[in-house]
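Undergrad: A single structure is presented below for examination.
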């Protein structure tokens, strides 16, 4: 009885892995492969998917984790520092796509409610895909990359607000056209949002800091608590009249300003990707070929609208604000697609009874078309700009003043020159001394108590696991010149070095060791500089003693003894030899 679902899951995972490998080879996001597998193995294909209840449950948890991670990334500090161009571009693109998309969808013969859902869905771009593509191209820290990430944050906020607003509407409310009906709905929504804000503020202020500090003593316990917190608030959000998605987002947002944010996010990323596999398979399995075929014409029209219209409005806004056409073009390409959130949003509308499966089929087709084409557009964006540059002069002022000012400010900003992993006695002392000498340095440690103590003392120390590649990707490594590891384990140091090199880090890496055994010697192979804690301490002590003796000899007139005690500095921060330039 229980063998059939297990066998189905084995088949789905193997098919998804093989299809995903093919799509990666084609330089396409794997989520498209998952949808294709769902369609192929569902009722529209070979009808091999029968464990619908089990897959649906995993799909719901996957969406919950997805929204939890989105909330987790929206640190209040990041939200406060969204630049004016990102805010203006994000809001402008949202307004343009919703208004013109709504009119266009009405002209395609859809109902007003369906047109509203699909128009809103067309506004969202995939943060996951865009950040991955920009990161692979080393453009995440470029001017257009920073602007794109800024208006992606605006979109993430908008999708959650849209979900909360639509989930607050009952099926009967959607068809209400009376003014009093909408006023009652709006008042109910505002009341529930206000109550949620008050409760979350109290939890974030008085409860969560203590709970997280306790849980963070164990990395496994911290992960379990994060999952439990996200799923619990998702269930509570549904009970309170919102949606599971809105509750999950609030759960993540409540942890976004804590020092454990990056560590939780890094550990949840793999779980999110695994569970979203079942969401997209479940989505594909629910779609009929007849439904998809009936929406091909509408999907083609809307895909052109997204692929062309969204980038053009971004370019127009950025050109008006004083940016060059090249920057506007490269940033605009990042919104030439719809995202997994678009499909999640319309799927939520189906569960609420607002729209039918045709809206989901239409949105899915637009997603498949725009994600596929925009991926290649972003990958070959520079070559594409060279072809189109003569026709893009309309989107550039004669004097792009703002871009010049932003570039000058960015060039003047000092990045993090040195990252120190491990805030023990040696690492913390090293970080303190570096900053006293004016070096832009920061630390990383996995002990929550130590991180909190260093924050109180004003030192920039981040909480995270040095051996976690996903966490390393969140660090400002692009402009970091040196990484210094003071981790006690040779295996940890080797894992850190491999993760840094695999992530494309081009700077120097130094390691501090505590002995000179053969095993430790092999563990430091590949590092640019090796510090021996005991040898360095002895060298520095010797230097200080010799300096003291030299001063006594000079004062006493024993100058003949001074020359014998002059020794080179034993400081570990001295410049490397000429043949090994730093």
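Every number here is computed from the coordinates shown, using simple stated rules; none is lab data. These numbers come from a predicted model, not from an experiment. Note that we place each Cβ from the backbone using ideal geometry, even for glycine, and neighbour counts take in every protein chain shown.
Undergrad: State the Cα centre-to-centre distance between segment 299-324 and segment 88-117 in whole Å.
TA: With segment 299-324 and segment 88-117 each reduced to a Cα centre, they are spaced 14 Å.
Undergrad: Sticking with this one: Rank-order 535-548, 95-108 by packing density, defined as the average count of other C-beta atoms within 10 Å over each peptide's residues, highest first.
TA: Output ranking for 535-548, 95-108: 95-108, 535-548.
Undergrad: Within segment 269-283, list the residues whose amide N lies under 15 Å from a label point set 7 Å along Cα→Cβ of residue 56.
TA: Flagged as within label range: 279-283.
Undergrad: Using the alpha carbon gyration tensor of segment 418-535, what are the three equivalent-ellipsoid semi-axes (square root of 5 times each eigenvalue), largest first, in whole Å?
TA: Over the Cα atoms of segment 418-535, the semi-axes work out to 21, 17, 14 Å.
Undergrad: In which sequence would 7, 303, 243 go, from the one with the fewest C-beta neighbours within 10 Å to the one with the most?
TA: So the residues, fewest neighbours to most, are 7, 303, 243.
Undergrad: On the principal axes of its Cα set, how long, how wide and how thick is segment 244-327? Give whole Å, largest value first.
TA: That works out to 48, 43, 21 Å along the principal axes.
Undergrad: Could you list 245, 473 in order of exposure, starting from the residue whose Cβ has the fewest other Cβ atoms within 10 Å?
TA: Ranked by crowding around the Cβ, least crowded first: 473, 245.
Undergrad: Also: Could you order peptides 333-341, 493-501, 418-426 by the average number of other Cβ atoms within 10 Å of their residues, highest first?
TA: Listed from highest to lowest mean packing, they are 333-341, 418-426, 493-501.
Undergrad: While we're on this one: Label residue 46 and residue 190 with points 7 Å out from Cα along Cα→Cβ: what is the distance between them in nm?
TA: A separation of 5.6 nm, rounded to one decimal place.
Undergrad: Semi-axes, largest first, in whole Å: what does sqrt of 5 times each Cα gyration tensor eigenvalue give for segment 3-135?
TA: In descending order, the three semi-axes are 33, 22, 16 Å.
Undergrad: Efficiency by 1/(1 + (r/R0)^6): what FRET value for residue 455 and residue 103, r their Cβ-Cβ distance, R0 = 45 Å, to the nearest 0.05?
TA: Calculated transfer efficiency: 0.30.
Undergrad: In segment 350-380, which residues have a backbone nitrogen under 13 Å from the label point lying 7 Å from residue 132's Cα in the Cα-to-Cβ direction?
TA: Residues passing the 13 Å test: 371-372, 375-376.
Undergrad: Please compute the contact order of segment 419-506 in relative form: average sequence separation of alpha-carbon pairs under 8 Å and at least six residues apart, divided by the residue count, as a percent.
TA: Normalised by residue count, the contact order of segment 419-506 is 31 percent.
Undergrad: Sticking with this structure for a sec: Test of understanding: ordering 193, 461, 231 by Cβ neighbours within 10 Å, fewest first, what list do you get?
TA: Listed from fewest to most nearby Cβ atoms, that is 193, 231, 461.
Undergrad: Can you give the Kirkwood hydrodynamic radius for segment 220-281, in Å, rounded to one decimal and based on Cα pairs?
TA: That comes to 12.2 Å for segment 220-281.
Undergrad: For a quick size check, give me the Cα extents of segment 182-338 along its three principal axes, largest first, whole Å.
TA: 52, 48, 42
Undergrad: Right, something else. Per the Cauchy relation, a quarter of the hull surface: what is the mean projected area of the convex hull of the alpha carbons in segment 426-492, in nm²?
TA: Dividing the Cα hull surface by four gives the mean projection, 4.9 nm².
Undergrad: Counting only Cα atoms, I'd like the Rg/Rh figure for segment 329-409, Kirkwood definition for Rh.
TA: 1.17
Undergrad: Relative to the present Cα-Cα distance, how much length would full extension add between residue 540 and residue 235 at 0.36 nm per residue of separation?
TA: Answer, rounded to one decimal: 103.8 nm.
Undergrad: Any idea how far apart residue 87 and residue 437 come out in nm if each label point goes 7 Å out from Cα toward Cβ?
TA: Calculated label separation equals 4.1 nm.
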